[in-house]
Amino acid sequence: MAIIRTEHLGREVEGKRILDDINLEVSEGEVVAIVGPSGAGKSSLLRLLNRLDEPTTGTVYFAGQDYRTLAPAELRRRVGMVMQTAFLFPGTVAENVRFGPSQRDELLSAQAVGSLLAQVGLEGFSTREIHNLSGGEAQRVALARALANSPAVLLLDEPTSALDEDSKLGIENLISAVVESRRLTCVIVTHDLQQAGRMAARVALLSSGRLVRTGLTREVFGAERQP
Amino acid sequence: MLNGNLSNHLLLGLAQAGLAAVMVIAAMLLARRRQIHVERETLIALLRGLSQVIAVGFVFIVLLRGPRWTSGVILALMIVVAAATSARRAKSIPGAFQTSLCAIAVGAGLIIAIMVLSGVIEHTITALVPVGSMLIAAAMNSNALALDRFRAEVESHVGEIESALALGASPPAAVARFVQISYRASLIPPLNNLRTLGIVWIPGLMTGMLLSGSPPLYAAVYQFVVIAMMFAASGLTCLISTGLIRGHAFTAAQQLRLRGKAA
């Protein structure tokens, strides 16, 4: 079953069409990579999927329901997002991880925070101030913070592009492990085709705001998907 | 309409204004020697300022003979102009004028009303309009600072705010930190006024009272009362404006509208 389905989705900004007639389905538990050249509309599409921006045409169905009928905060809780930069809030790592649930007056226990941090390889980081973190550690906290909301879908917007090569592979492996262990549905935007090949079973190729091709990664790239 | 005595006062005032203008022009010329060119703005501001206060003087001549309710009309007009002026600092925020109008009308208006009802401000036109205008001006300046700071903070923290929204935060929760920063920043001038009152500056009202023969101690205490009222009006205005403006920074679907260069 498609957990996310876009129907004639489009967006126009100041008279310029940046996305046009996007029809895309993402099944439950699937990892889909959105690839394409710079300016193709990859990040814009991702922002439409959790309604950080408003479509000017078409809509998105989340679990079969038009997402405009859902409260935006509830939709975003269920469709988590990790951005290119971690954008952590001032304070400690634990405060960041607790942020999402606290918006619904839920307090994550120290144990739950510790468990989430362990999943992202940051055991013992709870009380660490965020300004003492490296770029890779910050991105791990951003991932744990998104997971704390127990989302059904995880949107990843170039999550490794701001990191060095070592951190990049570490985060990539971590995301793959977390997505697999939680059976998360995942949509990842990347300009790195090799990364798309390593992480996603299916790719959607965007060009000039239009979806020009979707299919299995190996078919689209003409090569076997690497483990 | 003008009697001889008033004409003499006017001539004397104009002569004094001329001397003051000469000093302004001297300062401008000194700046010019250091290649700082502010001649045009300074001359326009001088002429504008002088013609405005003369016009206000004429208005007072008429008003002093008019009914008391006219002071309410004047203060209401001042609030509208104050709202338009401070809203210009936040042009990119939709609804900045309505927000400013509501905030200044309630913030300054409430303090003026309380002070008039309690007898701190006399309800004569000569007392109510000048003191009321000081409160409205203070509210306007603080409101402009609050809106400008809020816009700047939001536009430079788009990623952080959208991360909060993406985690299910409501718009007020997503910008709460920036509302607090803006509110604090807006209160710096009135706080400094209170702190330095009588030490660094002796404000105009007290000077006027002393010149008109009021007892110095009463003039000093009354000046404190006015500065404290200005602080209260500023605080209340900014509390309302920062509360209202955060709603205008987002769409109905809780998307950040105020994205600056990130848009």
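The values are calculated or read from the model by the stated rules, or taken from the named source; none is laboratory data. Since this is a predicted model, take the numbers as computed values, not measurements. All Cβ positions, glycine included, derive from the backbone under ideal geometry; neighbour counts span all protein chains shown. Quick note on the areas: whole protein, heavy atoms, side chains included, nothing else; ligands and nucleic acids left out. Shrake-Rupley method; radii C 1.70, N 1.55, O 1.52, S 1.80 Å.
Some observations on this one:
- If you filter segment A:164-177 down to residues that are open to solvent by 30 Å² or more (accessible area, probe 1.4 Å) and among the aliphatic types (A, V, I, L, M), you find that the one that is farthest from the chain's Cα centre (by Cα) is A:169.
- Neighbours by Cβ (under 8 Å, 6+ apart or cross-chain): first from segment B:122-135, modelled with pLDDT of 85 or more; second of a type in the set (S, T, N, Q): B:128/B:71; B:129/B:71; B:132/B:71
- Any chance residue B:250 is touching a residue at least 24 places away in the same chain (Cβ under 8 Å), in the same structural domain as residue B:132 (by TED's automatic domain parsing), surrounded by 14 or more Cβ atoms within 10 Å (Cβ to Cβ) and more than 30 Å from residue B:155 (Cβ to Cβ): no
- Some residue of segment A:86-101 being among the aromatic types (Phe, Trp, Tyr) and open to solvent by less than 30 Å² (accessible area, probe 1.4 Å): yes
- Some residue of segment A:143-159 being more than 15 Å from the chain's Cα centre (by Cα), closer than 26 Å to residue A:24 by Cβ and open to solvent by 60 Å² or more (accessible area, probe 1.4 Å): no
- Residue match in segment B:65-76 (condition: closer than 26 Å to residue B:55 by Cα, crowded, with 20+ Cβ neighbours inside 10 Å and in contact with a His (Cβ under 9 Å, 6 or more places away or on another chain)): yes
- Criterion violated by residue B:92 - all others in (1) surrounded by fewer than 23 Cβ atoms within 10 Å (Cβ to Cβ); (2) in a helix (DSSP H, G or I) satisfied: (2)
- Annotation: of all residues in segment B:150-176 being touching a residue at least 24 places away in the same chain (Cβ under 8 Å) and open to solvent by 40 Å² or more (accessible area, probe 1.4 Å), the one that is nearest to the other protein chains (Cβ to nearest Cβ) is B:170.
- Residue-level check: of (1) out of contact with any helix residue (DSSP H, G or I) (no Cβ under 6 Å at 6 or more places or on another chain); (2) surrounded by 16 or more Cβ atoms within 10 Å (Cβ to Cβ); (3) at positive phi, residue A:14 misses just (2).
- When the criteria are applied in full, residue B:211 fails the requirement of being among the hydrophobic types (A, V, I, L, M, F, W, C) and touching a helix residue (DSSP H, G or I) at 6+ places or on another chain (Cβ under 8 Å).
- Close pairs (8 angstrom Cβ cut-off, 6 or more residues apart or separate chains): in the same structural domain as residue B:226 (by TED's automatic domain parsing) in segment B:87-114, in a loop (DSSP other than H, G, I, E, B) and open to solvent by less than 40 Å² (accessible area, probe 1.4 Å) anywhere: B:92/B:258; B:93/B:249; B:93/B:258; B:99/B:93; B:112/B:121
- Just one of (1) without any contact (Cβ under 8 Å) to a residue 60 or more places away in the chain; (2) more than 18 Å from residue A:187 (Cβ to Cβ) fails for residue A:38. It is (1).
- Where helices (runs of 4 or more DSSP H) fall entirely within segment A:63-180, those with at least 1 residues that are within 12 Å of chain B (Cβ to nearest Cβ) are at A:72-78, A:93-102, A:135-147.
- Scan of segment B:95-104 for residues that are closer than 18 Å to residue B:258 by Cβ and assigned to a helix (DSSP H, G or I), ordered by number: B:96, B:97, B:98, B:99, B:100, B:103
- Near pairs, Cβ below 9 angstrom, 6+ apart or cross-chain, from segment A:20-32 (of a type in the set (S, T, N, Q)) to any residue that is outside any strand (DSSP E or B) and surrounded by fewer than 20 Cβ atoms within 10 Å (Cβ to Cβ): A:27/A:1
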